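Here is the structure we will look at.
The values are calculated or read from the model by the stated rules, or taken from the named source; none is laboratory data. Quick caveat: nothing in here was measured; it's all calculated off a predicted structure. Note: accessible area is taken over every heavy atom of the protein model, side chains too, but ligands, DNA and RNA are not part of it. Shrake-Rupley method; radii C 1.70, N 1.55, O 1.52, S 1.80 Å.
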Amino acid sequence: MYNEAQKLLLDWYAKNGRHDLPWRQTNDAYTIYLSEIMLQQTQVKTVLERFYFPFLERFPTLQSVADAPLDDVLKMWEGLGYYTRARNLHHTALTCKGILPQNPEELGGLKGIGKSTAHAICSFAYHQALPILDANVKRVLCRYFALSTKDEKALWEKAWKLLAVKHPYEHNQAMMDIGAMICTPKNPNCLACPLAFTCKGKDAPENYPKAVKKAKVPTKKRFALVVFQEGKLGLIQRKERLLHGLWGFVQIDEKPNTAHSLGSVSHTYSHFKLELEIIHDDALHVNVDGYFTEEEIENLALSTVDKKIIQKIFSPK
Ligand code: SF4
């Protein structure tokens, strides 16, 4: 039933697909897995320009990730955000002893690898006939089949229906590219779309799926304590889930009366905005995990907001 749409999609991909992306020039499951994880919350351009190649240079194999301490993995992830991805990658490298399983069920059971990522790895590395369902593909499917909600079960069903089983690699890459380049969230270019001929949602793409109003993220105000000892800065290694394993400044909720301000920084996470006033207080005794010089700090993995504080302290302008 979908033969014609599949054919048009594959023809379009052959002519217009982003064939030059480095993770499309390999069948190495580890590098494909790495790209999938990096791209989950980060744009292709950022991953390509700043993170993918340096990470692979430091960790050329999954075994090299398993052999390294988590601190080193976090350091290479620094600035990419969503650090759970890096912790899960390290955990997975250890769990499977540097060799990824080749079937989607086993892959999907590993930390941080969901069903769509498992299918992506299997279809891109081993050409297994499995559909994928990332954010872009979900949007294309919703519009193509005129689905007004992103219901996972219905979307998997449709993804299986549309899959060109003889060419799963090209089909999935094409769906990702259509989502990124043609069937974009705003102003989809239906005139250039190979699916337009049979697309049920093309007369009102903005209705599929129906927009859900995003709640405004709340703002948290806290205080970051700058602690010095013999010219070195006192830092802690975070234990809480959000930035676990990263180094940074002690944060507190109340500003002591005796503290004075050194400025402020802010950072927006996915669920809240953090406004931090940087303070120093000679009268306060603060426990930290270590004291470091500016050079030593450069070798630690710090979160973006803690890097902003370092920037303020060492180059205040
Ligand atoms: S025809 Fe338009 S709405 Fe339908 S899949 Fe293509 S770009 Fe999206």
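Which entries of Lys138/Lys307; Lys153/Lys202; Lys213/Lys255; Lys166/Lys202; Lys161/Lys186; Lys220/Lys307 show an alpha-carbon separation above 29 angstrom in the structure shown?
Pairs exceeding 29 Å: Lys138/Lys307; Lys213/Lys255.
Starting from the amide H of Val227, placed 1.01 Å from N in the peptide plane, find each other amide H under 5 Å away whose residue is 5 or more places distant or on another chain.
Those qualifying (amide H under 5 Å, at least 5 residues apart or on another chain) are Gly234.
Before anything else, pin down the relative contact order of the range 144-282: Cα pairs under 8 Å, at least 6 apart, normalised by residue count, whole percent.
Numbers: 169 pairs, mean separation 30.6, N = 139.
This gives 22 percent for the range 144-282.
HN-Hα J couplings of the range 52-62 from phi, Karplus 6.51/-1.76/1.60, θ = phi - 60°, integer Hz, Gly and Pro as x?
Along the range 52-62, the couplings run 4, 5, x, 5, 5, 5, 6, 10, x, 9, 5 Hz.
Would you list, by chain and number, the aspartates and glutamates whose Cα falls below 15 Å from the Cα of Lys150, excluding same-chain residues fewer than 8 positions away?
Leaving aside aspartates and glutamates fewer than 8 places away in the same chain, those within reach of Lys150 are Asp134, Glu206.
List the residues whose amide H sits under 5 Å from the amide H of Leu246, counting only those 5 or more places along or on another chain, with H placed 1.01 Å from N in the peptide plane.
The list, which skips near neighbours in sequence, is Arg238.
Which angle from 0 to 90°, rounded to the nearest 10, does the C-alpha axis of helix 3-16 make with the longest principal axis of the chain?
Taking Cα atoms only, the helix is inclined about 50 degrees.
Sum -39500 (n - 2.57) across every DSSP H segment of at least 4 residues in the chain, then divide by the residue count to get the 222 nm mean residue ellipticity, nearest 500.
The per-residue figure over the chain is -11000 deg cm²/dmol.
What are the extents of the Cα atoms of the range 205-300 along their three principal axes, listed from largest to smallest and rounded to whole Å?
Result, largest extent first: 62, 33, 20 Å.
Tell me, what ³J(HN,Hα) does each residue in the range 206-214 have, in order and in whole Hz, if you take phi through Karplus 6.51 cos²θ - 1.76 cosθ + 1.60 with θ = phi - 60° and put x for Gly and Pro?
Each residue of the range 206-214 in turn: 5, 7, 10, x, 5, 5, 9, 5, 7 Hz.
To two decimal places, what compactness ratio does the range 173-235 give when its Cα radius of gyration is scaled by 2.2 N^0.38 Å?
Numbers: Rg = 23.7 Å, N = 63, 2.2 N^0.38 = 10.6 Å.
For the range 173-235, the normalised Cα radius of gyration is 2.23.
How are the C-alpha pair distances of the chain spread across 20 Å bins, as whole percents from the shortest bin up?
28, 48, 22, 2
Quick one: what are the phi-derived ³J(HN,Hα) couplings along the range 230-236, Karplus 6.51/-1.76/1.60 with θ = phi - 60°, whole Hz, x for glycine and proline?
Computed from phi, the couplings for the range 230-236 are 6, x, 9, 9, x, 10, 10 Hz.
Quick one: ranking Leu56, Leu276, Leu284 by accessible area, 1.4 Å probe, largest first, what do you get?
Greatest to least solvent exposure: Leu284, Leu56, Leu276.
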